[in-house]
Amino acid sequence: MTLLTVENLTVALPQGGDRPHAVEGISLSISAGEILCVVGESGSGKSITANAVMGLLPRGLPVTSGAIGFEGKDVLALSPEAMRRLRGSRMAMIFQEPMTALNPLMRVGDQIAEALRVHGAGADAAKRVPELLAAVNLPDPKAIARSHPFRLSGGQRQRVMIAMALALEPTLLIADEPTTALDVTTQMQILRLIREIQSRRGTGVMFITHDFGVVAEIADRVAVMQRGRIVEQGPAAEVLNHPQHPYTRALIAAVPHGAPDSRPQVTTAPVLDVKGVEKTYRRGGMFGARAVVRAVHDADFILRRGETLGLVGESGSGKSTLARCVVKLVEPETGTIAYHGTDLRPLSRNAWKPFRQRIQMIFQDPYASLNPRRKVGEAIAEGPITHGVARGKALAKARELLALVQLDPGAMERYPHEFSGGQRQRIGIARALAMEPELLIADEPVSALDVSVQAQVLALLADIRERLGLTMLFITHDLRVAAQVCDRVAVMQRGAIVEQGPTAEVFSAPQHPYTRQLLDSIPGRGWTPPAV
Amino acid sequence: MRDFWRRFRRNKGAVVGLLILVLVILLAATAPWLFPGSPWDMAAAPFMPPGEMDMLLGSDSLGRDVAAGIAHGARISLLVGAVSTVAALCIGVSLGAIAGYLGGVADDAVMRFTEFFQTIPSFVLAILLVAIFTPSIISVVFAIAIVSWPPVARVVRAEFLSLRSREFVQAAEVLGKTRLAIVLGDILPNALSPIIVLSSLMVASAILLESALSFLGLGDPNLMTWGFLIGAGRSVIRLAWWMSVFPGLAIFLTVLALNLVGEGLSDALNPRLARQRGGAA
């Protein structure tokens, strides 16, 4: 039975946008008990599609043509009041950011009870709330119902959101990137949960994602969106293994994949030898309990000349803190950070200065890592100028570097906001390279980028590393990226390195249970993208 | 820049405010030609109501021209407003920058020092300072600057605290730039918008403070100011209302204009917030 049909839907964008329509002429359908994945990069119109179905489009984005049918009713013709009754009871939505979607001042149980009450089913709320929380596999539902959202972890909050969405047993569930903000292990649990609930209750699910791994994990059917249009639609196995449209092919080719090839062991002299570094954060004091977080401990590693070491782990595992300790953005309490035999940790700001040229860093967020008020050319040249290179020479060098990172030299005179995320990340890379460093620290350099841009930036990094003979410390939460980039990986959990070794070895024969768990959680593990 | 002007224009009140402000500045600039001679000179019989004996806004108890007093007073009021704001900004921005950028003990020390100033009623402190240093334009400016820097320090500190942890500042650290270069080159330019908005409002409150001091007779005795005009007219307000009303109106319009401009600047410098406000209306 077809639950939802969207026919030829077109939603206009306000004038002055980069295209006239947010979505244009899209048609799709979802049957009961089916999971449709809508895949696309940022700005492709996938969230607009979901919001149109829910009747939640902002005022500035009117539906100009097309029809949306849900359980035989024309959704677009319904009054706001009828639409409101439909939302929550017949169709429900879960959002990307579970923290912002829950009211921070209300107990979790009360929020679910409220959802029931709004639709006139509040009478048996006391009984239903623990049942619902149990249904989403939350331990101790009674205690969870009494707690406020901030007491729960990201994954738990997302479960609460799912429980709330399922409270009135809707026939259609719309999930807008529900696992994007979560760690891989949590993501896998949530994906399994959605799959299980969907098969148990026969709910139709519209699952919006940008990640083909997730698609491979959960989808029955797939719709691929590009710039507001559906370019390809079909059964999951068909689209994943025999993509037809060039855009789908490009997206699938860009997914980092494949088993890591075994690379020759690097036995050159160590560049960086980190031993016994510890960083502890203390909160509170005077009154109340002191919270002590051991951000980094037991995390020794050696980085040899010309090799790339991956630091992988989930959020809060201390991988970024460890990397920041190396460049003194964070000052550890103990330990030695030996760079070619010199301990960097006790050095003063001035004594550090010569090493700034040798050790450089690339940051995660391309939108935050460039000074918005400085022209690109100046931003790239300012490092060398600080270290005494003549201004004209530094600017000439910046021009060369822009060519190296495949940007137009005209970019010199422009400001960062005129560039896309991928282009900005290239500028960030050029800024780091301007210092002619020996050691490059890359802190999640591609995690804020779309998958096709991510592939380009990774290729650029690999090319530059090869050409300039860089040593690299590569921090990532994405094991698929690590497998592609790193010679060796070190897996971090709660501030400590629990396992390290050559990438191929760690991936094929993980020793530590946590590594095994991480590897099992890679979405779409059973799917090998076809060579296209 | 054109973009900025376009956003500023969207706020109608701000454009009106800017217009008033430009008129007041013009009045101040052309005062020596519009009203040649000293505003302290007797120009007509005392207590002439507006319109009589060529007195546009009447004359005061000693026969001085009120209109000339307002025009010449505008120069002093604007000057005091601008100079004391610049002085307060110098103190506030440097202290706020030190507190926000260095954090830790420096932050604690600077902020306790700032709070010390905030706990003293600012007008009482200003009176006290002027009384100690004998009333003169310099002591008035000094007193106003001393009582109005703490809010600047707090705003700048908050901006620096949030900007300091941004990745582009960390990138500058990794490049090995000096602390001063980072503060002046990377953080301060990005903290300018709230400082500009705040300073337009500070000029307004400085003008009010100066008027209040002059009203109490604590202004520079050699300079004609709006507050002095009101103070001189208050004892005869039932006899000659124009002596207090017109200078009062001048203060009111100027302060209102500065506040409107401040709001317009705030909208133009934070386009995202302005758009939300516009969307909600």
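The values are calculated or read from the model by the stated rules, or taken from the named source; none is laboratory data. Since the model is a prediction, treat every value here as computed from it, not as a measurement. Neighbour counts are summed over all protein chains in view; Cβ atoms, including those assigned to glycine, are modelled from backbone coordinates with ideal geometry. Please note that ligands, DNA and RNA were not included when accessible areas were found on the heavy atoms of the full protein model with its side chains. Shrake-Rupley method; radii C 1.70, N 1.55, O 1.52, S 1.80 Å.
The table below lists the values:
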| quantity | calculated |
| --- | --- |
| Dipole moment magnitude, nearest 20 debye, the protein assembly as shown about Cα centre, only Lys, Arg, Asp, Glu C-beta charged | 480 debye |
| Accessible heavy-atom area order of A:486, B:90, highest first, probe of 1.4 Å | B:90, A:486 |
| Extension gain, residue A:505 back to residue A:373 (0.36 nm per residue minus Cα-Cα distance, nm) | 42.9 nm |
| Normalised contact order of chain B, rounded percent, pairs of Cα under 8 Å and 6 or more residues apart | 27 percent |
| Surface accessible to a 1.4 Å probe, per residue, for the residues of chain B, Å² | 48 Å² |
| A:463, A:487, A:140, ranked by accessible area, largest first (probe 1.4 Å) | A:140, A:463, A:487 |
| Cα gyration tensor shape for region A:69-194, rounded if a/c is under 1.5, else prolate or oblate | oblate |
| Nearest-10 value in Å² for the accessible area of residue A:199, using the 1.4 Å probe | 90 Å² |
| Kirkwood hydrodynamic radius of chain A, Cα pairs, Å | 25.4 Å |
| Cα-based helix-to-principal-axis angle, A:80-89 vs chain A, degrees rounded to 10 | 70 degrees |
| Span from the region A:493-520 Cα centroid across to the region A:329-390 one, whole angstrom | 30 Å |
| Chain A: calculated mean residue ellipticity at 222 nm from DSSP helix runs of at least 4, using -39500 (n - 2.57) | -11000 deg cm²/dmol |
| Accessible surface of residue B:38 - all protein chains present, 1.4 Å probe, nearest 10 Å² | 50 Å² |
| Efficiency of FRET between residue A:261 and residue A:396 - r from beta-carbon atoms, R0 41 angstrom, step 0.05 | 0.60 |
| Accessible area per residue in Å² at 1.4 Å probe, computed on chain A | 43 Å² |
| Probe 1.4 Å - accessible area at residue A:245, Å² to nearest ten | 60 Å² |
| Kirkwood Rh, angstrom, chain B [1 / mean 1/r, Cα pairs] | 20.8 Å |
| Whether region B:1-53 is rounded, prolate or oblate, judged on the alpha carbon gyration tensor where a/c under 1.5 counts as rounded | prolate |
| Region A:322-376, Rg to Rh (Cα coordinates; Rh as Kirkwood inverse mean 1/r) | 1.04 |
| Under 10 Å, Cβ to Cβ, from residue A:55 - net charge with Lys/Arg +1 and Asp/Glu -1 | +2 |
| Inter-label distance for residue A:121 and residue B:132, nm, one decimal - labels placed 7 Å from Cα along Cα-to-Cβ | 7.2 nm |
| Qualifying aspartates and glutamates (Cα of each under 15 Å from Cα of residue B:177; at least 8 residues distant if same chain) | A:378, A:382, B:167, B:186 |
| Between helix A:125-135 and chain A: long-axis angle, C-alpha atoms, 0 to 90°, nearest 10 | 50 degrees |
| Over 24 Å between alpha carbons, listed pairs A:46/A:319; A:353/A:397; A:279/A:375; A:275/A:353 | A:46/A:319; A:279/A:375 |
| Gyration tensor (alpha-carbon) shape descriptor, region A:58-97, a/c threshold 1.5 | oblate |
| Beta bridge orientation in region A:416-532: antiparallel %, DSSP, nearest 5 | 55 percent |
| DSSP bridge pairs, the protein assembly as shown: antiparallel proportion in percent, nearest 5 | 55 percent |
| Protein accessible surface hidden between B and A, which excludes ligands and nucleic acids, total in Å², probe 1.4 Å | 1900 Å² |
| Alpha carbon centroid spacing (whole Å) that separates region B:205-272 from region A:2-28 | 57 Å |
| Mean separation of Cα contacts under 8 Å (6+ apart) over length of chain A, as relative contact order % | 16 percent |
| For region A:308-338, residues shielded by at least 20 square angstrom of accessible area compared with the chain on its own, probe 1.4 Å | A:324, A:329 |
| Nearest 10 degrees, 0 to 90: helix B:104-119 Cα axis against chain B principal axis | 20 degrees |
